Amino acid sequence: MDFLPENEEPKKKKGGFNSYWLFAILIIGLLATQFLSLNFQIKQTDEDYFFLKLIPSGDVSKVTIVNKEQVEVFIKEDSLKAKKQYADIKLTKLKTVNKGPHFSFEITSIEAFKQKLDAIQSATPYERLIKVNNEYRKGIFDIIGWLLPIILLIGVWMFLMRRATGGMGGAGGQIFNIGKSKANLYDKDTKVSVTFDDVAGLDEAKEEVKEVVDFLKNPKKYTALGAKIPKGVLLVGPPGTGKTLLAKAMAGEAQVPFFSISGSDFVEMFVGVGASRVRDLFKQAREKAPCIIFIDEIDAVGRARGKNMMQSNDERESTLNQLLVEMDGFSGDKGIIMLAATNRPDVLDSALLRPGRFDRQISIDKPDQKGREQIFKVHLKKLTKLGPNVTPEKLASLTPGFAGAEIANVCNEAALVAARKEKTQVEVEDFNEAVDRSIGGLEKKNKIISPHEKEIIAYHEAGHAICGWYLEHAHPLLKVTIIPRGIAALGYAQYLPKEQYLYRTEQLLDEICMTLGGRAAEEIVFGKISTGAQNDLQRITQLAYAMVTVYGMNDKVGNVSFYDPQQDTTFTKPYSDDTAKVIDEEVRKLIDTAYQRTIALLTEKREQLNKIAEALLAKEILFKADLDELIGKRTFDEEPVPVAITID
Ligand code: ADP
Ligand code: ZN
């Protein structure tokens, strides 16, 4: 997310003199000199006049042949003053005039002209000979001819540079700032209006962040007790959970200068720019200390350095190195604290996470029911007219698995839906529609699905639902629908997984069965299968491979785990070809067994399967309560849980 303050930082004053003006002046100057030098009072004449009148008069001091086609004649100063025939060459301007030629005429052949002149002068004594110069003069169009491409080139170059540097500000001098950090600075003058109250939930994270602010304000309190002040704090969590928001609130409340920059802002196509931006950022920060530096999406610079030769990126690595060097260069009690956010802590270079760098991690998870309630409370404030039944509790229960950003979006979307229906208030059903929309992209009202296709989809989803219902370890169902959505999903079933971090083998096996339920139902009912299960198959393939190679859940492969998030296993597998074969076989066996089990279960529950599929065809959407009614309550105990899983 972008870190844009509500009150935008006052734009830097644009310099009145930018480089476009420079070019304009240059061109005008060139044109002017051209015209000036040409526009002395030259009288146009012809060759005859020159040979018959001017030469015999003895007044010519010299001639210049320009570009082999034009002859310019200079008259002696004395003659200009003395002789009447030169009277119309203004003598008052003699000084300037005298510098330029006085007559000029065209010639067709320079050789013929020279011969004629030599013939006349052959008898002239040496000291009275007329001097003849040859000159090649560039016309204005010649100059434009070579200047224009250069100007164009420079123009294109500047345009590219501007694009590369983000094109902010609009000053032509942007290119000169390329090595400067692009961090936004928020301090006393640029108020950020976000406060900790705008950040709902995340209580622990808020506490920790507040502590960091306190470190900066009262370092003595901590150092007196011998505590070391942390240097860097890493906010880790999935996208949209409010990491940027939290940082923004920190800027709003810290009352110390706050530098904010995104990791991708360092990375530029020019070598060395990233490193120099880092240097510049820290230089500014040292001047402003105590202060906070926030780097959003730090994984853009902080990715592990070249383990994989083919993907090594010198520019990014030198940026990262510079960052590490700078972080080592100050200590927390110098009054600079680094804050960074990422959703991929696993790809970060381990050097960044070492003590003395980002030694503190705050993890920010997707909100649970209560957290969502609080986030809804914050965002519902923006909607002015709400229906009577719209409560944060209700909305939170509609949106398991949603992050803050999605909740904000749902609130806005619900208002739009209500407005489209010309309602005067936003009601629960509008929220429902908004939720559906954000789950699977826009609802496709006019997507045409044949009745037969619809039947297949209904049985497919009913298959998932039945498996979830009758398998003990499967996640309990939340809702199932066949309303087409998005591009890929033709329907989906949503489950509430148990809140847990350790899964047992049988749970994962049940999950595989449940995911296979769609395809199995198609096979049982129609005797053939469709492409609708592609997404399901992808999931279980991943899961099955993880069980065998990561979680050590297979007897043949044994208690080994080949997990290494920073290793690209496309080219180098951490196990032998023999093991690879065993792994493939075991995964296949695992999935086959699960599929047989699913088929058996669905065959046994065929009656219930039909009921649900028919209900789906009629109503298009079924909630848990509907299933209770149709096929009886689920026999396994369940507690309400926060995060939903959606299966197509
Ligand atoms: P992240 O940086 O983790 O990807 P953001 O902080 O950019 O997520 O969140 C995007 C938007 O989602 C915020 O601007 C805010 O409107 C909303 N949001 C996310 N988390 C929360 C929260 N805990 N409380 C209130 N709003 C939130
Ligand atoms: Zn499916």
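The values are calculated or read from the model by the stated rules, or taken from the named source; none is laboratory data. Computed from a predicted model, the values in this text were never measured in an experiment. Neighbour counts are summed over all protein chains in view; Cβ atoms, including those assigned to glycine, are modelled from backbone coordinates with ideal geometry. Note: areas computed on protein heavy atoms with side chains; ligands, DNA, RNA excluded. Shrake-Rupley method; radii C 1.70, N 1.55, O 1.52, S 1.80 Å.
Picking from residues in the range 46-84 that are among the hydroxyl-bearing types (Ser, Thr, Tyr) and open to solvent by less than 20 Å² (accessible area, probe 1.4 Å), the one that is nearest to the chain's Cα centre (by Cα) is Thr64. For the range 334-369, filtering for residues that are aliphatic (A, V, I, L, M) and loosely packed, with under 15 Cβ neighbours inside 10 Å leaves 1.
Here Ile457 qualifies as at pLDDT 85 or above, open to solvent by 10 Å² or more (accessible area, probe 1.4 Å) and either away from ligand 1 (no atom under 16 Å from the Cβ) or β-branched (Val, Ile, Thr) (or both).
Do the conditions hold for Leu246, that is, is it of a type in the set (A, V, I, L, M) and at pLDDT 80 or above? Judged against the criteria, Leu246 is a match. Looking across the range 223-262, just one residue is closer than 23 Å to Arg316 by Cα and out of contact with any strand residue (DSSP E or B) (no Cβ under 8 Å at 6 or more places or on another chain), and that is Pro239.
Being within 16 Å of ligand 2 (Cβ to nearest atom) and surrounded by 19 or more Cβ atoms within 10 Å (Cβ to Cβ) is a property that holds for Ile439.
Scoring Pro230 on the criteria (1) part of a loop (DSSP other than H, G, I, E, B); (2) at pLDDT below 80; (3) open to solvent by 20 Å² or more (accessible area, probe 1.4 Å) leaves a single failure, condition (3). Would you check which residues across the range 411-426 are under 13 Å from Phe376 (Cα atoms) and open to solvent by 60 Å² or more (accessible area, probe 1.4 Å) and list them? Answer for the range 411-426, where residues must be under 13 Å from Phe376 (Cα atoms) and open to solvent by 60 Å² or more (accessible area, probe 1.4 Å): just Asn412. Selection within the range 322-358: residues that are polar (S, T, N, Q) and within 18 Å of Ala285 (Cα to Cα). The member of this set that is modelled with the highest pLDDT is Gln322.
Just name the residue that is nearest to ligand 2 (Cβ to nearest atom) out of those in the range 498-548 that are at pLDDT below 85, of a type in the set (A, V, I, L, M) and surrounded by 14 or more Cβ atoms within 10 Å (Cβ to Cβ).
Checked the range 498-548; the qualifying residue nearest to ligand 2 (Cβ to nearest atom) is Ala533.
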